[in-house]
Every structure is written in structure tokens, then in C-alpha cells.
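The next block holds one structure in the form of C-alpha cells; read it before the comments.
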């Protein structure tokens with residue numbers, strides 16, 4: 001693939017690729033398939049057993065078909081437990097899809113921020129070179145000192161180094177995005193087609209509007225474990241069976257005779273206490289997991305919402321500061337060209353303008369990442 005031209009990649013395409021080809025989604029899909037298989041197994045009926053016997057006593061030949069009897073109350077509880085486990089796996093799968101979307105969005109935004117930093121560093125380098133040429137011109141005209149030229153030279157060199165570092169960081173961010181999407185990450189294969197803008201989709205932060213996916217999965221897991229505990233308690237009496245067959249080989253009987261056997265296991269030495277204790281422990285663990293899921297979900301929503309609001313306020317404030325800083329930088333450059341201001345003042349004004357722009361870019365990226373986090377943690381049952 002050497003020499004291959006990078007292809008444009010939009011945010012939507014990145015999200016679709018992460019959801020379709022992402023590792024965490026593939027693992028969640030496998031867990032869901034396991035849960036569905038468990039439900040299928042719970043619904044299956046036990047197979048009959050065919051047996052043949054020979055005895056020296058008459059009748060000599062015995063043939064039986066043994067049918068295990070699945071208690072209705074045991075079967076219904078087992079199916080109910082497996083169904084709840086399947087629903088829990090479905091909620092976890094939906095959350096993993098939302099998490100994959102979050103990873104793609106935040107990685108894409110980081111790449112956008114890194115590329116914007118590289119662009120700003122390049123423009124700053126161009127500005128520094130222009131300022132260096134202007135300093136040379138003014139020195140030749142006798143309006144600037146050798147100190148001004150040396151200072152402009154140092155500034156231009158620092159700007160070039162910063163531009164090179166930011167360019168390398170931008171390439172690394174794109175390669176990280178490619179790795180997340182399951183693409184080769186040894187060379188740049190995509191270019192970001194979307195620009196970084198301060199657009200925040202509306203997100204529902206009302207915790208009373210419905211169950212979040214994390215809490216729903218934990219609730220279904222607890223219900224499944226409780227049902228499994230009920231199954232374990234009911235399974236103290238093992239599955240009985242009925243055998244139907246024929247006996248033959250008796251000289252006194254010209255025809256085979258029917259035979260039947262009913263087997264009822266009796267829980268004399270084993271009342272399934274080990275399995276009951278295990279399921280009781282699983283219920284306790286599921287209760288603790290549910291309590292933790294509720295606390296962590298509420299805390300994550302609150303933290304993401306605070307970060308989103310703070311980033312939006314900072315970005316709006318940065319926008320006003322940026323306009324003022326750019327005006328000061330332009331006025332300082334004009335004043336320096338006319339000999340009305342010293343070079344250090346021009347450099348300081350330019351640095352303030354660049355810092356304001358970088359801060360604005362960082363805050364816009366932080367707002368986009370926080371909005372993605374709010375969407376992730378407020379993903380609710382029925383949203384996917």
C-alpha cells in the first residue's frame with residue numbers, strides 16, 4: 001500500500017466502522033450469542049434413553065425407553081433465568097456499541113484538535129518568518145537593532161520546532177484513529193473530512209426518563225441470579241423418569257410382555273446445598289453490582305454534564321478573548337512596521353493571540369468529548 005493516497009474519513013464513517021469492526025463490540029456480540037445459546041439450552045427437553053438387557057432368568061430379554069420428566073415449575077424457572085440473562089447480555093451489547101461510538105468520536109476529536117494545533121503552528125511559523133524578514137528590512141533601514149534581528153531569529157526557530165512537533169503529533173493522532181478502526185497504523189491512510197466546530201447535540205440528562213443501559217443490565221443480571229437461585233432450590237429433587245418397554249424370551253409366554261418403570265430420586269444425602277449456596281452468593285454479588293452500577297452511572301452522568309457545561313462556557317469566553325487578542329496582534333505588527341513599537345511587544349501580542357486560539361481549540365475539543373460522554377452514559381433502554 002506504499003504510495004496510496006489517503007482517503008477522506010468523516011466522523012459518521014469512523015463511528016460506523018468502530019461499531020461494525022471494533023473489538024469490544026465483537027466481544028459483546030460473542031457474549032450475547034452465548035446468552036442466546038443458554039436460553040436455547042434451557043428450553044430444550046431432555047432426550048430419552050434406549051436400553052437393552054439380557055438376564056439368565058426368564059424373561060431373558062428386556063428393552064426400555066426411558067423418558068426423563070422435567071418438572072414444569074423447574075423448567076419454567078430455568079427458562080425465566082436464562083431469558084433474563086439474555087436480556088442482560090443484550091443491554092450490555094447495546095452499551096458496548098455506545099462505548100465504541102464514544103471511543104470513535106473522542107479519538108476523531110483528538111485527531112481534529114491535533115491537526116488544528118499543527119495548522120496553527122504552521123501559521124505561527126509563517127508569521128515568525130515574516131517578522132524575521134521585516135526585522136532585517138528595518139535593520140537595513142536603520143530602524144531596528146541587531147538585538148531585534150537576533151530575537152526574531154530565535155523566535156522563528158522556536159516556531160519551526162513547534163510546528164514540526166505538532167505535525168508529528170497530528171500524524172500520531174490519525175494513526176491512533178486508524179488503529180481503533182481496525183486499519184493498518186504504519187502509515188496515514190485517511191484524512192479527516194470533518195472540521196472541528198462547536199456543535200453539541202442535545203443529550204437527555206434526566207435520570208428519571210428511563211433506565212440507563214448499565215443499570216438495566218445489572219438489574220436483569222440480579223433478576224436472573226435470583227431465578228437461578230430458585231432453580232437450585234427446586235432442583236433438590238432430581239429429575240424423575242419413566243421407562244416403557246417390553247420383555248421377552250419366556251418359553252411360557254408366546255408374545256413379548258409390556259413393562260414399565262418409574263424412578264423418583266430421593267434427596268437423602270444431597271439436597272443440592274452446594275449449588276444453592278453458590279447461587280445465593282451470586283445473588284449477593286449481583287446486588288452489589290447493581291448498587292455500584294447505579295452509583296457510578298449517576299456520578300458519570302453528573303461529571304460529564306459538568307465538564308460539558310464548563311467546556312461550553314470556556315469556549316464561549318475564549319471566542320471573545322480571541323477576537324481581542326487578534327486585534328492586538330495586528331495592531332502591534334502595524335506599529336512595529338511603522339517603527340512605533342518594539343519587537344518584544346509584538347512577539348508578546350502574537351503569543352497571546354496564538355495561546356488564545358489554541359485554548360479555544362482545546363475547549364471546543366473538550367466540549368465535543370464531554371458531549372460524547374454524556375451521550376454514552378445517558379444511553380437508555382430503547383435508544384439503540
query = Which one of 281, 293 is farther than 30 Å from residue 59 by Cβ, surrounded by 12 or more Cβ atoms within 10 Å (Cβ to Cβ) and in contact with a helix residue (DSSP H, G or I) (Cβ under 9 Å, 6 or more places away or on another chain)?
reply = 293
ask   = Looking at residue 139, is it touching a residue at least 24 places away in the same chain (Cβ under 8 Å) and part of a helix (DSSP H, G or I)?
value = no
request  = Evaluate the following for residue 235: is it more than 29 Å from the chain's Cα centre (by Cα), surrounded by fewer than 17 Cβ atoms within 10 Å (Cβ to Cβ) and either at pLDDT below 90 or under 30 Å from residue 365 (Cα atoms) (or both)?
outcome  = no
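The values are calculated or read from the model by the stated rules, or taken from the named source; none is laboratory data. All values reported here derive from a predicted model rather than from experimental measurement. Glycine gets a Cβ as well: all are built from the backbone with ideal geometry, and neighbour counts include every protein chain shown.
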